[in-house]
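**Student:** Sharing a structure with you now.
The values are calculated or read from the model by the stated rules, or taken from the named source; none is laboratory data. Predicted model only: the values in this text are computed from it and were never measured. Positions of Cβ are backbone-derived with ideal geometry, glycine not excepted, and every protein chain shown enters the neighbour counts.
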Amino acid sequence: MDAPAIRIDRLSKRYPRVTALRDASLEVATGEIFGFLGLNGAGKTTTIRILLDLVRPTAGRAFVFGLDCQRQGLDVRGQVGYLPGEPGFYGDMTGEATLDLLAALARSPVDPRWRRALLDRLELAASDLKRPVREYSTGMKRKLGLVQACQADAPLLVLDEPTEGLDPLMQDAFYALVAELRARGRTVFMSSHVLPEVERICDRIGLLRSGELVLVSTVQDLRRLAGRRVRAAFAEAVAAPASWPAGCEPIAVSPTVWDLRVRGPLGPIVARLAALPIADLDVQMPHLEEILKTYYADPPAA
Amino acid sequence: MTPRTLALAAHSLRRIRPIAMGMAIVLGGFQFLLTQVAVFLTRNRAFGMLASLVPDFIRSLAGPSMVAFMSFGGVVSLGYFHPIVLASLVGLAIGIGTEPAAEVESRFGDLVLARPVARHQVITRSVIVLVTVVAALLLVMASATWIGLACCTPAAAERPPFALIRSLAVTLAAIVLCWGGVALAAAAAARRRATAAGMTAVAALASYLVDYLGRVWDPARLASRLSPFHYFEPMALLTGGALNAGNVAVLLAIGAAGVVAGYAIFSRRDL
């Protein structure tokens with residue numbers, strides 16, 4: 001398929017009292033794992049619901065594999081597996097009946113071997129599936145939600161907070177599942193609050209703040225943009241230089257410790273440090289969490 | 001009708017089965033027992049005594065329907081217009097009609113409509129369930145009446161003809177489906193089932209009272225024409241009148257208008 005898995009074009013959604021989404025544009029390539037980030041109320045779920053035609057945009061358009069999400073909604077939804085943030089399972093239905101009903105609504109028949117593989121991977125036993133969903137823990141409901149989203153093996157998976165409520169072992173199982181989906185050529189579009197998780201599994205991220213898409217980047221580019229943290233400790237007091245090499249920004253400077261942020265190559269600062277009595281040198285890659293917190297808090301740099 | 005619509009309808013029917021079966025047992029049992037009450041009153045020649053207990057002004061207010069009610073056929077037919085039976089069936093129809101709002105509220109609708117299911121299929125599903133359940137319940141009521149008449153009625157009793165029972169069932173089905181359609185329209189716009197069901201129930205109650213006022217108070221007669229209950233006239237059937245196809249058509253048209261509004265609203269709204 002030549003068309004991107006997802007394309008949203010100047011998408012806006014206004015409610016009477018609030019603008020949930022403002023002029024957002026984005027493309028997600030086929031086979032990509034895309035993390036969609038933002039604080040509560042930033043517009044992540046609204047965007048997802050527009051993709052599924054559960055909510056109609058005020059302006060702009062959304063496409064999935066080149067199909068208009070509003071005009072060709074049925075065709076779009078035939079190619080999407082969806083995990084809602086709060087799956088509305090009926091408590092009195094068993095897990096198995098829930099999966100069977102939702103499988104009956106899929107475009108193509110569900111392969112029982114694939115479903116079994118998903119259940120095994122997420123450790124949902126056959127005996128669990130015979131129980132009513134009201135007896136499930138939060139994590140089990142999440143697992144059931146993941147299975148129902150993935151069981152039709154749709155080319156695009158839209159997952160809203162997929163690891164919410166999963167224990168660390170199940171989170172690992174989910175990451176392995178995403179790796180398998182990637183290997184099968186599936187596209188995953190997931191919203192998340194968990195930045196280490198996004199850093200671990202996503203190829204690219206988009207960040208929404210108050211309905212505006214303020215950042216779209218690969219994780220690597222974002223790190224590069226943020227720069228590395230260089231901390232040099234000296235065996236004796238040294239004088240701070242009058243000027244710093246290009247790309248080097250002092251964070252905290254004392255006679256015995258320099259704490260710097262370096263964007264770009266490390267060579268110039270290392271060359272300068274080489275002439276000084278270094279006791280210790282520490283270079284840290286920035287965590288996504290640190291970088292994104294600045295975007296959550298402040299308007300993006302012009 | 002697509003397999004997905006049928007899958008949804010089968011799911012809804014499974015969910016409502018305990019309530020529907022309970023109502024079938026209660027209403028069927030009630031109809032059967034009414035035939036036995038009528039037999040008992042006939043054997044004790046009590047109809048005349050009962051009629052004499054009713055004050056004259058009530059008798060003149062109610063007209064010939066009172067005479068019809070104080071008869072074997074009237075007692076046997078009571079279930080087809082008794083206010084409690086009517087309220088319970090309308091309540092059931094409101095419950096079925098408001099399922100789309102319940103699914104929006106519980107977010108089960110997200111799971112359904114995130115799949116290749118068109119929104120009109122959700123409404124069509126509710127129509128199928130509504131018609132199926134109402135038809136099944138009235139069939140059970142009519143069957144219970146027939147069984148009661150066939151097995152235990154003395155030959156001398158003035159059994160109501162089958163056509164009367166059928167006409168009473170049809171007119172009762174029409175008023176119930178009418179309110180089911182109204183409930184569907186309300187549910188298509190609501191985010192909560194309680195809102196849709198409450199609005200429809202209040203509208204039904206107000207309509208019932210307006211119709212009642214119109215029947216006993218001339219100044220309210222014109223306004224009562226706006227009430228669907230104005231077109232629900234089982235007493236006319238009991239007093240020997242034929243089934244008024246126009247009245248049935250009005251009730252079904254109101255229900256159909258509700259369904260059409262439901263389709264239009266549900267297909268346009270944000271979920």
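**Student:** Residues B:Tyr263, B:Tyr212: which one is under 20 Å from the mean Cα position of the chain (by Cα) and aromatic (Phe, Trp, Tyr)?
**Tutor:** Sole residue among the options that is under 20 Å from the mean Cα position of the chain (by Cα) and aromatic (Phe, Trp, Tyr): B:Tyr212.
**Student:** Collect the residues in segment A:144-197 that are outside any helix (DSSP H, G or I) and among the small types (Gly, Ala, Ser), keeping them in residue-number order.
**Tutor:** Let us first name the residues in segment A:144-197 that are outside any helix (DSSP H, G or I), namely A:151-167, A:184-194.
If the condition is that a residue be outside any helix (DSSP H, G or I) and among the small types (Gly, Ala, Ser), then A:Ala152, A:Ala154, A:Gly165, A:Gly185, A:Ser191, A:Ser192 are the ones that fit.
**Student:** From the list A:Val238, A:Val188, A:Val216, which one is out of contact with any helix residue (DSSP H, G or I) (no Cβ under 8 Å at 6 or more places or on another chain) and under 29 Å from A:Asp75 (Cα atoms)? Working first, answer last.
**Tutor:** On the way: A:Val238 fails: under 29 Å from A:Asp75 (Cα atoms); A:Val188 fails: out of contact with any helix residue (DSSP H, G or I) (no Cβ under 8 Å at 6 or more places or on another chain).
Step by step, each of A:Val238, A:Val188, A:Val216 is checked, and only A:Val216 is out of contact with any helix residue (DSSP H, G or I) (no Cβ under 8 Å at 6 or more places or on another chain) and under 29 Å from A:Asp75 (Cα atoms).
**Student:** Check B:Arg221, B:Arg191 and return the single one that is over 27 Å from A:Tyr15 (Cα atoms), of a type in the set (D, E, K, R) and either more than 15 Å from the chain's Cα centre (by Cα) or part of a loop (DSSP other than H, G, I, E, B) (or both). Talk me through it step by step, then tell me what you get.
**Tutor:** Working: B:Arg191 fails: over 27 Å from A:Tyr15 (Cα atoms).
Residue meeting the stated conditions: B:Arg221.
**Student:** Would you pick out the residues in segment B:9-34 that are of a type in the set (D, E, K, R) and away from every other protein chain (no Cβ under 14 Å)?
**Tutor:** Keep residues of segment B:9-34 that are of a type in the set (D, E, K, R), which gives B:14-15, B:17.
Across segment B:9-34, there are no qualifying residues.
Okay, residues lined up against (1) within 30 Å of A:Arg107 (Cα to Cα); (2) touching a helix residue (DSSP H, G or I) at 6+ places or on another chain (Cβ under 6 Å); (3) surrounded by fewer than 19 Cβ atoms within 10 Å (Cβ to Cβ); (4) β-branched (Val, Ile, Thr):
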position: B:Met1; (1), (2), (3), (4): yes, no, yes, no
position: B:Ala9; (1), (2), (3), (4): yes, yes, no, no
position: B:Arg17; (1), (2), (3), (4): yes, no, yes, no
position: B:Met21; (1), (2), (3), (4): no, no, yes, no
position: B:Gly28; (1), (2), (3), (4): no, yes, no, no
position: B:Phe40; (1), (2), (3), (4): no, no, yes, no
position: B:Ala46; (1), (2), (3), (4): no, no, yes, no
position: B:Ser52; (1), (2), (3), (4): no, no, yes, no
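**Student:** Only one of these is of a type outside the set (A, V, I, L, M), in contact with an Asp or Glu (Cβ under 7 Å, 6 or more places away or on another chain) and over 21 Å from A:Arg77 (Cα atoms): A:Arg14, A:Arg22. Name it. Steps first, please.
**Tutor:** Numbers: A:Arg14 fails: in contact with an Asp or Glu (Cβ under 7 Å, 6 or more places away or on another chain).
One residue alone meets the criteria, A:Arg22.
**Student:** Residues of segment B:146-184 being at pLDDT below 95 and hydroxyl-bearing (Ser, Thr, Tyr), which ones?
**Tutor:** B:Thr153
**Student:** Name the helices (runs of 4 or more DSSP H) wholly within segment B:72-121 that hold at least 1 residues that are away from every other protein chain (no Cβ under 14 Å) and in contact with a Gly (Cβ under 9 Å, 6 or more places away or on another chain)? So that I can check it myself, show each step before the final result.
**Tutor:** Details: elements: B:72-76, B:83-97, B:99-106, B:108-113.
Once the helices (runs of 4 or more DSSP H) in segment B:72-121 are filtered for at least 1 residues that are away from every other protein chain (no Cβ under 14 Å) and in contact with a Gly (Cβ under 9 Å, 6 or more places away or on another chain), what remains is B:72-76, B:83-97.
**Student:** Can you pull out every residue in segment B:230-271 that is modelled with pLDDT under 95, part of a helix (DSSP H, G or I), under 24 Å from B:Trp217 (Cα atoms) and out of contact with any Leu (no Cβ under 8 Å at 6 or more places or on another chain)?
**Tutor:** Result: B:Met235, B:Ala236.
**Student:** Can you tell me which of (1) surrounded by fewer than 23 Cβ atoms within 10 Å (Cβ to Cβ); (2) of a type in the set (Ser, Thr, Tyr); (3) in contact (Cβ under 8 Å) with a residue 24 or more places away in the chain is the one B:Ser224 doesn't meet?
**Tutor:** Every listed condition holds for B:Ser224 apart from (3).
**Student:** Here's something else I'd like to know. All but one of (1) among the hydroxyl-bearing types (Ser, Thr, Tyr); (2) out of contact with any helix residue (DSSP H, G or I) (no Cβ under 7 Å at 6 or more places or on another chain); (3) within 22 Å of A:Ala29 (Cα to Cα) hold for A:Ser210; state the number of the condition that does not hold.
**Tutor:** Going through the list (1) among the hydroxyl-bearing types (Ser, Thr, Tyr); (2) out of contact with any helix residue (DSSP H, G or I) (no Cβ under 7 Å at 6 or more places or on another chain); (3) within 22 Å of A:Ala29 (Cα to Cα), A:Ser210 breaks only (3).
**Student:** Restricting attention to segment A:93-115, and to residues there that are more than 18 Å from A:Ser127 (Cβ to Cβ), within 11 Å of another protein chain (Cβ to nearest Cβ) and touching a residue at least 40 places away in the same chain (Cβ under 8 Å), which single residue is surrounded by the most Cβ atoms within 10 Å (Cβ to Cβ)?
**Tutor:** A:Leu102
**Student:** Tell me the residue from B:Thr98, B:Thr145, B:Thr124 that is buried (at least 24 other Cβ atoms within 10 Å of the Cβ), out of contact with any Lys or Arg (no Cβ under 9 Å at 6 or more places or on another chain) and of a type in the set (S, T, N, Q), please. Walk me through how you get there before you give the answer.
**Tutor:** Working: B:Thr98 fails: out of contact with any Lys or Arg (no Cβ under 9 Å at 6 or more places or on another chain); B:Thr124 fails: buried (at least 24 other Cβ atoms within 10 Å of the Cβ).
One residue alone meets the criteria, B:Thr145.
**Student:** Just give me the residues in segment A:41-92 being touching a strand residue (DSSP E or B) at 6+ places or on another chain (Cβ under 8 Å), more than 8 Å from chain B (Cβ to nearest Cβ) and among the aliphatic types (A, V, I, L, M), in sequence order.
**Tutor:** Those that are touching a strand residue (DSSP E or B) at 6+ places or on another chain (Cβ under 8 Å), more than 8 Å from chain B (Cβ to nearest Cβ) and among the aliphatic types (A, V, I, L, M): A:Ala42, A:Ile48, A:Ile50, A:Leu51, A:Ala59, A:Ala62, A:Val64, A:Val76, A:Leu83.
**Student:** What are the residues in segment A:108-140 that are assigned to a loop (DSSP other than H, G, I, E, B) and under 27 Å from B:Val117 (Cβ atoms), if any? Working first, answer last.
**Tutor:** Let us first name the residues in segment A:108-140 that are assigned to a loop (DSSP other than H, G, I, E, B), namely A:108-111, A:122-125, A:130-131, A:136-137.
Once the filter is applied, which keeps residues that are assigned to a loop (DSSP other than H, G, I, E, B) and under 27 Å from B:Val117 (Cβ atoms), segment A:108-140 yields A:Ser108, A:Pro109, A:Val110, A:Asp111, A:Leu122, A:Leu124, A:Lys130, A:Arg131, A:Tyr136.
**Student:** Does A:Arg22 meet the test of being out of contact with any Leu (no Cβ under 9 Å at 6 or more places or on another chain), surrounded by fewer than 24 Cβ atoms within 10 Å (Cβ to Cβ) and among the basic types (Lys, Arg)? Outline the logic, then answer.
**Tutor:** Working: out of contact with any Leu (no Cβ under 9 Å at 6 or more places or on another chain): no; surrounded by fewer than 24 Cβ atoms within 10 Å (Cβ to Cβ): yes; among the basic types (Lys, Arg): yes.
Judged against the criteria, A:Arg22 is not a match.
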